[in-house]
1. What pairs can you find where one residue is in segment 107-133 and touching a residue at least 24 places away in the same chain (Cβ under 8 Å), the other is among the acidic types (Asp, Glu) and in a helix (DSSP H, G or I), and their Cβ atoms are less than 8 Å apart, with a gap of 6+ or different chains?
2. Condition check: part of a helix (DSSP H, G or I), crowded, with 19+ Cβ neighbours inside 10 Å and in the same structural domain as residue 415 (by TED's automatic domain parsing). Does residue 220 satisfy that?
3. Residues 160, 202: which one is in contact (Cβ under 8 Å) with a residue 60 or more places away in the chain and either surrounded by fewer than 24 Cβ atoms within 10 Å (Cβ to Cβ) or of a type in the set (Val, Ile, Thr) (or both)?
4. From the list 349, 314, 343, exactly one residue is in contact with a Ser or Thr (Cβ under 8 Å, 6 or more places away or on another chain) and either aromatic (Phe, Trp, Tyr) or over 30 Å from residue 419 (Cβ atoms) (or both). Which is it?
5. Are any residues in segment 292-319 part of a helix (DSSP H, G or I) and loosely packed, with under 15 Cβ neighbours inside 10 Å, and if so, which ones?
6. From the list 179, 133, 112, pick out the single residue that is assigned by TED's automatic domain parsing to the domain that holds residue 214, outside any helix (DSSP H, G or I) and within 24 Å of residue 240 (Cβ to Cβ).
7. Being on the phi > 0 side of the Ramachandran plot and over 16 Å from the mean Cα position of the chain (by Cα) is the filter here; which residues of segment 143-164 pass it?
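The values are calculated or read from the model by the stated rules, or taken from the named source; none is laboratory data. Since this is a predicted model, take the numbers as computed values, not measurements. Every residue, glycine as well, gets a Cβ built from its backbone with ideal geometry; the counts of neighbours run over all protein chains shown.
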Amino acid sequence: MSDARDVTALGAARQAELLAAGEVTSRELTAATLSAIRGQQLQVNAAVAMFDEEALAAADAADRRRAAGHAGPLTGVPIAVKDDLDLAGLVTGRGSRSMTRPAAVDADLVAGLRAAGLVIVAKTTLPELAIYGFTETEAHGITRNPHHTGHSPGGSSGGSAALVGAGVVGIATASDGAGSIRIPAASCGLVGFKPTQGTMPSSGGWYGLSTQGCVTPTLADTGIFLDEFGRFPESLSQAARNAPPPLRVGWSLSGSSATRPAALDPQARAALDRAVTALASAGHHVRQVQIPYGLDAKSLTVRYLRGIHDSAVAVDDLEMLEDRTRTIARLGAPFTPKVVDWAIRRGRAFGASVHDQLGVDVLLTPVMSGPALPIGRWEGLGGLRLVLAMNSHYPYTAQWNHAGAPAVSMPAGATVDGLPLAVQLIARPGDDARLMSVAGQVEGGLS
């Protein structure tokens, strides 16, 4: 391939194929990726650090591995890493000025990336302590949506989604404690798969709500990444390529919110209706269901707020936290370990029962109440008012973290004023492969 820039926008799976075929070297692809990220930085402000020398050295090592016949599935593929994962010798900023001490060792997932031969090219922005559904911080400013820079890429994996959505890197790590993979993926027109709790390394924050994953252009890219680093009983990549047998699919507009959910944008509803039609056409039995509010918003809130509290008190300089973060952290202080244990049990019970209670194999819902929000939508709100505002606009995601269930945001093949729309699929805990199969049908039917 004469110009490696032609493949920076491709996903990790296709990049790996081209590397294996010798059509591009990792050094060429890495150099082009670094250049592309730098070219987009002024527009989207999604990278907090770039690793030119280290990345090119890693790319050269990957090329030598390939030449020696020792390459793995992703060897030589560039990847951006969300700044919530430790890279030895560097400060893990977590979107905050309050973090000042360098990490002593790599996070388990980062160590896995290096061992597999992926090339870490950059660290990406996130809201402070990964709390918010938008990526606007005192530490790094505003990260913008590549489809429309007046809008947010979502959060908390906003920087990762902005870079992949801009077509300058084929894959980026992401984490999801209340929708933080799925919301940015939906905002930027990407695939955002939150796997079952406990399947991925470097996961488990906020008392088990948070799970590591990635954002990518296609399911194939996500599958190859999750297969490489996660623990699943069967190949997710293979599942994405195989149509499932006829299933019971329940579609729902039920939101779980501590306040009244925002009205669903009519075009987001139309996108959901198209997904309903696509799944019915694929042979599934599709019907509307009402997801019970029995998951108990109180127990979900306990894990979320106490998790934020514990993250806040663990920072290096508490005085450097944003005012709104300190206010939200205080909301979690009253919850005792006994109450947290009760909340975890409630979430597990919900995840173990909800699909059977509804008589469905897979659920289909919106991801959020409409397309990506304008920049500064909630500027000036603090504490409880901000939590409630986010909960109102994003009422469809956090309950599946509470349940420990796999959930995926899929592009809906439609936009509103250039901003992508998406739908969400949810399966039982441990049923990641089935979820991949159904998501593959949605990808084929709505693309």
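1. From segment 107-133, the pairs are 112/228; 116/228; 120/54.
2. Values: part of a helix (DSSP H, G or I): yes; crowded, with 19+ Cβ neighbours inside 10 Å: yes; in the same structural domain as residue 415 (by TED's automatic domain parsing): no.
Spelling it out, it is not the case that residue 220 is part of a helix (DSSP H, G or I), crowded, with 19+ Cβ neighbours inside 10 Å and in the same structural domain as residue 415 (by TED's automatic domain parsing).
3. On the way: 160 fails: either surrounded by fewer than 24 Cβ atoms within 10 Å (Cβ to Cβ) or of a type in the set (Val, Ile, Thr) (or both).
Only one candidate passes the filter, namely 202.
4. Working: 349 fails: in contact with a Ser or Thr (Cβ under 8 Å, 6 or more places away or on another chain); 314 fails: in contact with a Ser or Thr (Cβ under 8 Å, 6 or more places away or on another chain).
Of the residues listed, the single one that is in contact with a Ser or Thr (Cβ under 8 Å, 6 or more places away or on another chain) and either aromatic (Phe, Trp, Tyr) or over 30 Å from residue 419 (Cβ atoms) (or both) is 343.
5. In the first step, residues of segment 292-319 are kept if they are part of a helix (DSSP H, G or I); the result is 293-295, 297-313, 318-319.
Within segment 292-319, 293, 294, 298, 313, 318, 319 meet the criteria.
6. On the way: 133 fails: within 24 Å of residue 240 (Cβ to Cβ); 112 fails: outside any helix (DSSP H, G or I).
The conditions single out 179.
7. First, pick out the residues of segment 143-164 that are on the phi > 0 side of the Ramachandran plot: 154.
Result: no residue meets the conditions.
Let's see how each residue does on (1) in contact with a Pro (Cβ under 9 Å, 6 or more places away or on another chain); (2) surrounded by fewer than 23 Cβ atoms within 10 Å (Cβ to Cβ); (3) of a type in the set (Asp, Glu); (4) within 20 Å of residue 135 (Cβ to Cβ):
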| residue | (1), (2), (3), (4) |
| --- | --- |
| 10 | yes, yes, no, no |
| 13 | yes, no, no, no |
| 40 | yes, yes, no, yes |
| 43 | yes, yes, no, yes |
| 51 | no, yes, no, no |
| 55 | yes, yes, no, no |
